[in-house]
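What follows is one structure encoded as structure tokens, with my remarks underneath.
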Amino acid sequence: MKTCSRCQKTRVVQITLDDNLDACGHTFTAQLPAERCGACGLVVIHGENVRKFEQRVAVEIAKAGLRSKEAFRYLRTASKFSVEELASLLDVSPEFIGYWESGDWPVDPRANSVLISLVLGQFDGKQSALDCLSVLREPRTLTRKVRLHIHDAMAQAAKALQFGSAARTAPALA
Ligand SMILES: [Zn+2]
């Protein structure tokens, strides 16, 4: 059995508890796995689960399409982009990010939708938005004659249509 980091007794048990996270004017609640010491009562939530919760909140904020300075900053930090990284992907100077996040400028809707795509792609493990932006930065060579495989492409397109949207779970090209 695990030893408590505070009282050193071996009475740590696995529990689940409701945890709250306040972000962008909303309170998000989720049940998280945790450990509680039966002797001293110390409750420990592992950082990995807190991180998952934060990422899940980011997905909700992204799906709601919130366009506010708070939402922009939350999405950027939850998806672990530095100001410089995101500025580079958006092809703007890093100061722009600062102006949007401080409210000096209204958040640019195009920048916001790119950031939303990045957040949803990160959650789905599909980095299509990031790939597109990277390709623009470093174009790949396209040969003059290109053979394509239509059937694979149809399957890929069907998957792409399901991307990040509960409303489109039925494949449009089935
Ligand atoms: Zn203890």
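The values are calculated or read from the model by the stated rules, or taken from the named source; none is laboratory data. From a predicted model like this one, the values you see are computed outputs, not experimental measurements. Positions of Cβ are generated from backbone atoms using ideal geometry, with glycine treated the same way; all protein chains shown enter the neighbour counts. Just so you know, the surface numbers come from the protein's heavy atoms only, side chains and all, with ligands and any DNA or RNA stripped out. Shrake-Rupley method; radii C 1.70, N 1.55, O 1.52, S 1.80 Å.
Of note:
- Percent carbon-and-sulfur accessible area, the range 36-145, ignoring ligands, DNA and RNA, probe 1.4 Å: 53 percent
- Of every Cα-Cα pair in the range 65-140, the percent that sits beyond 20 Å: 24 percent
- Volume per residue that the Cα convex hull of the range 1-45 spans, once the total is divided by residue count, Å³: 68 Å³
- Cross-link partners of Lys2 among aspartates and glutamates, defined as those whose alpha carbon lies under 19 angstrom from its own and excluding same-chain residues fewer than eight positions apart: Glu35, Glu48.
- At the listed q of 0.12, 0.15 Å⁻¹, the Debye profile of the range 1-108, built from one uniform point per Cα, gives log10 I(q)/I(0) equal to -0.56, -0.72.
- Here the 3J(HN,Hα) profile of the range 70-79, calculated from phi with Karplus coefficients 6.51, -1.76 and 1.60 at θ = phi - 60°, is 5, 5, 4, 5, 4, 5, 5, 6, 5, 9 Hz, Gly and Pro shown as x.
- Loop-located trypsin sites (Lys or Arg not before Pro) in the range 72-102 (DSSP state not H, G, I, E or B) with no more than 16 neighbouring Cβ atoms inside 10 Å: Lys80.
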